Amino acid sequence: MADLIKLLPDHVANQIAAGEVVQRPASVVKELLENAIDAGAGTIMLIVRDGGKALIQVVDDGIGMSATDARLSFERHATSKIQKAEDLFQLNTKGFRGEALASIAAIAHVEMQTKLENEELGTVLKIEGSKIISQEVGATAKGTSMAVKNLFFNIPARRNFLKSNQVELRHITDEFHRVALAHPNIAFHFHNNGSEMFNLPKSNHRQRIVNVFGTKTNQKLVPVTEETQVVKISGFINKPEFAKKSRGEQFFFVNHRFIKSPYLHHAVVAAFEGLIKPNTYPGYFLYLEVDPASIDINIHPTKTEVKFDDEHTLYAILRSTLKHSLGQFNVVPALDFEQDQNLETPYAYKDKAAQLPRVTVDSGFNPFQERESKTQNRASYRKVGTEAGKSWEGLYAGLESEIGKEVSFSSMQFESDTITGSVFDEQKESLESTSTTFQLRRKYVVTTIKSGMIVIDQSRAHQRVLYEKFLKNITIQKAVSQQLLFPLSLSFSPSDITILEDIRESLTTIGFIFSKMESETVEIKGVPVQVSESEVGMVLDQLISDFQMEISGDGFSQTDILAKTLAKTLSVKTGEILEQESQIALVNDLFACKEAMVSPFNKPVYITITENDIDKKFI
Ligand code: ADP
Ligand code: MG
């Protein structure tokens, strides 16, 4: 039988290696930025077009390459960073595998310009799919510019697999954040489709964090420092009260390299124990320095996972250091005389002249007139306490069309911010008309049906109700907006703003009215009636974090994520007491839903226990 085994041609081997190194445009960004840092750059510019699909360019002012090195750098296993296996244990550079450029050149159109500092002329090199198209001598700037165009041009399957430009851009931004945060001593510029996204001057760690995540970040940071024989820890943790519902701002750097470590993350969470609410996450920016010989960064091709020699010790040190920092922060005197008074004013009221409160009396109001139960809020079953009675006059744009003519204005003022145009006004009477309800352990609503009884998970049921309501609002585009008396001004990081911009249109269809959306500020004039003013920040935070998660891509539509997030955030939770009236409303609304059986997250909403089931228990 003939011999079957053949050596793969280089360009094929490179394409296969590329599959490991380059998953998406963000991977290219990471490799190119790291090469620029390894080259000792003082300023690095990142230029991206169409989510990196059309162009990714990194320009640095580092050491550059000779003509020979320029050519060699695209060979597989070509690296200037290690020579022998032992070097792996003393790594001070980001790269060492020597396969990034070879892989990228195998699956894209690459143009490199590079020049050594002392040379007069540099090299201009073009490669397409591992094939050298041209190599010329040219007048170029000191340092290196790498332009990567048409990524995956020769692997259509991979190209089609890429997500939308916005999602890819978010991945790139995440990668950029990580690199920029790890190297505050390098200036970074980031342009996307011709506009500047970041301009980060050379600075210290704290300033870099603030420049990346917005001025508001500064007040959140608690410094952390510790030096032991095993590890040097520096950086910042966010004050506990700023813990977020999203995992957004969590960064570990080991020897200036961003890493993911669930184990060390756990140490941080443990230090925050008891200080933050359940299901919220502390933000942190922690820089660890350890002996390079005590870690192995070689276990993952994209190099974000690290193996430490002595994880347990590291865990213990980290936890106690953070506890100590948090403790110090807590003993800071509560009265700070130096503080700028303006900081104490809530954002919404900043720069606003104080107004005399106005009391409006409804002359047509008759206390003996029975309230029409139809106007009652069916979406928010909570008892409204102090929130009620907020200024209501003229705040409900478009409400008339939604609620219908029969609702008199006077009856609305009872409900104030809880009034909603219920989608479920025409409820089907699927339950026994005589049925009663009761709440079990602040978690379930129990009610009787003809064949026995059903036990409803209150939170999931409400999620289902809200979810269908929001979906409907989005589809018919007729959401009811609640105009705010004063526009609400909220601060976000620039990358959060990009996400909000992406979903702005959908947010508008459900009732948000934005009057401004800028680099760090969002001004809101109107909110959906289901959302109270105090909840707006939380809702938007949650949305941002859910859309960030969507990056990992389970392919749900924007609308669907939006409706799910709002349902999750605004629903009645386990532990909340529901009045009898609310229980009944919830049950009725639930059974008016299209899919009452499951929550938007595919969890069962209720179970049925028949008389038969009960009888059996008594045998
Ligand atoms: P690695 O970074 O693992 O060595 P790469 O394929 O990323 O492998 O790069 C190959 C080599 O090309 C590097 O070792 C370095 O010598 C050279 N190189 C790549 N990018 C640059 C740059 N921006 N400036 C100077 N040299 C570079
Ligand atoms: Mg490299």
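Numbers for the structure displayed
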{"item": "Exceeding the 26 Å Cα-Cα cut-off - candidates LYS216/LYS277; LYS277/LYS573; LYS564/LYS594; LYS126/LYS260; LYS307/LYS564; LYS30/LYS81", "result": "LYS126/LYS260; LYS307/LYS564"}
{"item": "DSSP-loop chymotrypsin sites (Phe, Trp or Tyr not before Pro) across the stretch 562-619, with at most 16 other Cβ within 10 angstrom", "result": "PHE601, PHE618"}
{"item": "Surrounding net charge for ASP296, when Lys and Arg each add one and Asp and Glu each subtract one, Cβ distance under 10 Å", "result": "-1"}
{"item": "Overall form of the stretch 437-608 per C-alpha gyration tensor (a/c, 1.5; a/b vs b/c)", "result": "prolate"}
{"item": "Computed lengthening from ILE133 to GLU20, 0.36 nm per intervening residue step minus Cα-Cα distance", "result": "38.2 nm"}
{"item": "Cα-Cα separations in the stretch 201-258 greater than 19 Å, expressed as whole percent", "result": "34"}
{"item": "FRET E, pair MET538, ASP613, Förster distance 25 Å, beta-carbon r, rounded to 0.05", "result": "0.05"}
{"item": "The stretch 150-237 - Rg and Dmax from Cα coordinates, angstrom", "result": "17.3, 51"}
{"item": "Stokes-Einstein D for the stretch 10-200, Kirkwood Rh over Cα pairs, 4 °C, 1.567 mPa s (µm²/s)", "result": "78"}
{"item": "Anisotropy class of the stretch 519-619 from Cα gyration tensor, a/c 1.5 cut", "result": "prolate"}
{"item": "Segment LEU7-ALA141, length gained on full extension (0.36 nm per residue, minus Cα span)", "result": "44.2 nm"}
{"item": "Contour excess over end-to-end distance, with Cα ends at GLN483 and THR280 and 0.36 nm allotted per residue", "result": "70.1 nm"}
{"item": "Calculated FRET efficiency for the pair GLN219/ALA85, C-beta based, R₀ 45 Å, to 0.05", "result": "0.40"}
{"item": "LYS260-ALA157 FRET efficiency (beta carbon distance; Förster radius 41 Å; 0.05 resolution)", "result": "0.90"}
{"item": "Per residue, in Å², the accessible surface of the stretch 10-200 once ligands and nucleic acids are set aside, probe 1.4 Å", "result": "43"}
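The values are calculated or read from the model by the stated rules, or taken from the named source; none is laboratory data. Every value quoted in this text rests on a predicted model; they were computed, and no experiment measured them. Backbone-built Cβ (ideal geometry, glycine too); neighbour counts: all protein chains shown. Surface accessibility is based on the protein's heavy atoms, side chains included, excluding ligands, DNA and RNA. Shrake-Rupley method; radii C 1.70, N 1.55, O 1.52, S 1.80 Å.
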